[in-house]
Amino acid sequence: MYVAMLLLLVASPVAVYSSVNGGTSCIACTASVSLVDQLALVHTEGIDKAMQRLCSFLPDDYKSVCKEFVSLAGPIIIDLLANGENPDTVCQALQVCKTEPPNPTCHMYPKPKNGFHVDAHRSKIMTKYSDKLKEIADIDICGMLPGLKQICKLADRLPHAGPGEYMPKVDFDGDGYSTLDVLRGTSWRGKDCDDRRAALHPGARPEDWDRYEDSNCNGIYGIDPVSSKPYEQLLCADSDPMGIVVLGDSGAAHFHIPGEWFTPSILNMEMFLNVTFVAGNELDWPSMSAVTGFQNLTMPIIHGWTDSLYQRLRQRNLCNHRDYQSIAVNGGACGNMNTIVKSLSRNQQKDYPVLAIYSLVANDVCNGHPDTIAHMTTPAEMRQETLITLDYLDTVLPKGSSLVITGMFDGTIVYRYMHNLFHPLGQLRKDLTYATVYEYLMCLQISPCNGWMSANETLRNLTSERGAALSRVLQDLVEKSNYTNYKLYYLDFAIGINAEIDNYINHGGSAADIFESVDGFHPAQTLQRILSEYIWSNLMAKHPQTLGRVNTNNEQILKLFGDQGGY
Ligand code: CA
């Protein structure tokens, strides 16, 4: 029940344009059938056994839907695959994938033995199961496997953006900080050290120097017996503590669908053990992200270590412990960030200043519409929408804060490195590259980014040109805006980042470490680390004042307060 509830919270999509030919349900069906087909091959067993195997791997909340689907669609899938059909034509026969004129038939795999058209054999099988086919049409295939719902959601560009929508859902004192790791809790913001009193939270300026209790949750409090002075005053007062905030999109939130879930050769029950955590964090991994990362999770479904601006700021000054906030949302763009930003928790008078990173690098030029350019943000819209966010920030950021605005990403690099690699669903038979997956998503009109995930080089370049034009607007805003409570800085995220990626690959690194394996688009763990190093070294070189001071008392803090209460 719990998982089902969490999924409901993160689901309920809002589509801003309609998909075709079955859209997200179609790709969910094709992926599921492909998975079963390959599991049978991996374990040298029948399709029926492979379907039972897949259902048995799943957490309880998914098992019943899976079994229901298998009992209904199992016999027909078995008959169709035995007839030489492939996942595309099986899902067409199940009538989950369609061909709606004038759209062409979409397919993920090469043409099966009998072609894409309905031949006599397939027609016979469909007639035999006509009653069941009607029932199958009513099943929510996107809800069948962990991860499918989120893939289905990739197509929905508009996040829910009510004011405060991305506040922690479990927060008893209402101070914007939680003790739960999911539902916008501690994975996203420093853990509340007292969830009964709102005045006590990460980033608070300590009243009476935390003589008796820890008001800012950095683990430092009490009185030094030698000097009779409070530790917070002795160890932190001269260090100018500061928090770190990211206002961003799915890249900043670290969107990651585990590739293991779609790799038949390694799929097992262990891969689904953390589904509650994963779903409760919207398939984002902010605790391992470039800006707010603070831990190295050791689950079998995420790999690599964490480097982040938060970790570096904390290392610089241990008084900054726990003062991080990720206000990053899948689908974040200039037009919804001006509402999402209201989920930021900062008391302008009573909290410490922050370094805020504003990083919306793709969604303003990314959509799944066939006429993708017509649906991109224009420079005029960029200016207008961003200004709303900037004006608002001046009313909440404590005086002395910094706002670093990153430019847009240049996504032409994604296709260049990824198009020839095999997708997890194509590794076993070497029959599915990212170029084909991108094409398939575009055909169904559910691509996260038609412009950059297109085989058409001209279109890819035009998309980056619009991105560059939008970046110039941001740069201009930074140069010409003047705010009372924070200073603005601009950081290029196109040429500089691509040079870092080229450098990594030229030194023997793999593109498969850079981009996410399931969607073939988002920054993976290695790129998160590269982004962290890139932002940090640029700020250190050009604007070191944004990073605060090195606290000379760090060693003593470590000695006295250990891990400062952890996370
Ligand atoms: Ca404290």
Problem set entry | Where a residue in the range 225-244 is in contact (Cβ under 8 Å) with a residue 24 or more places away in the chain and within 23 Å of residue 313 (Cα to Cα) and its partner, wherever it lies, is within 12 Å of the ligand (Cβ to nearest atom) and small (Gly, Ala, Ser), with Cβ under 6 Å and at least six apart | 231/222; 243/203
Exercise. Right, residue 202: within 30 Å of residue 21 (Cα to Cα) and in a loop (DSSP other than H, G, I, E, B) or not?
Worked result: no
For this session: Looking at (1) at pLDDT 95 or above; (2) of a type in the set (Ser, Thr, Tyr); (3) surrounded by fewer than 24 Cβ atoms within 10 Å (Cβ to Cβ), find the lone condition where residue 308 falls short.
Result: (3)
Exercise. Which ones in the range 183-233 are in contact with a Ser or Thr (Cβ under 7 Å, 6 or more places away or on another chain) and either of a type outside the set (Lys, Arg) or within 11 Å of the ligand (Cβ to nearest atom) (or both)?
Worked result: 185, 186, 187, 188, 192, 195, 199, 200, 204, 206, 207
Problem set entry | Yes/no for residue 364 being of a type outside the set (Lys, Arg) and assigned to a helix (DSSP H, G or I) | no
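Okay, residues lined up against (1) surrounded by fewer than 22 Cβ atoms within 10 Å (Cβ to Cβ); (2) touching a strand residue (DSSP E or B) at 6+ places or on another chain (Cβ under 8 Å); (3) farther than 29 Å from residue 382 by Cα:
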position	(1), (2), (3)
248	no, yes, no
265	yes, no, yes
277	yes, no, yes
284	no, yes, no
342	yes, no, no
Problem set entry | Within the range 1-103, helices (runs of 4 or more DSSP H) holding 1 or more residues that are modelled with pLDDT under 90 | 2-10, 23-42, 60-82
Exercise. Only one of 483, 489, 567, 504 is surrounded by fewer than 21 Cβ atoms within 10 Å (Cβ to Cβ), at pLDDT 95 or above and under 13 Å from residue 404 (Cβ atoms); which?
Worked result: 489
Problem set entry | All positions within the range 529-561 that are exposed (fewer than 14 other Cβ atoms within 10 Å of the Cβ), of a type in the set (Gly, Ala, Ser) and more than 22 Å from residue 305 (Cα to Cα) | 541
Exercise. What helices (runs of 4 or more DSSP H), lying completely within the range 479-567, carry at least 1 residues that are polar (S, T, N, Q)?
Worked result: 495-506, 525-542, 554-561
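The values are calculated or read from the model by the stated rules, or taken from the named source; none is laboratory data. Source: prediction; values computed, not measured. When we count neighbours, we look across all protein chains shown, and the Cβ atoms used for this are built from the backbone with ideal geometry, even at glycine.
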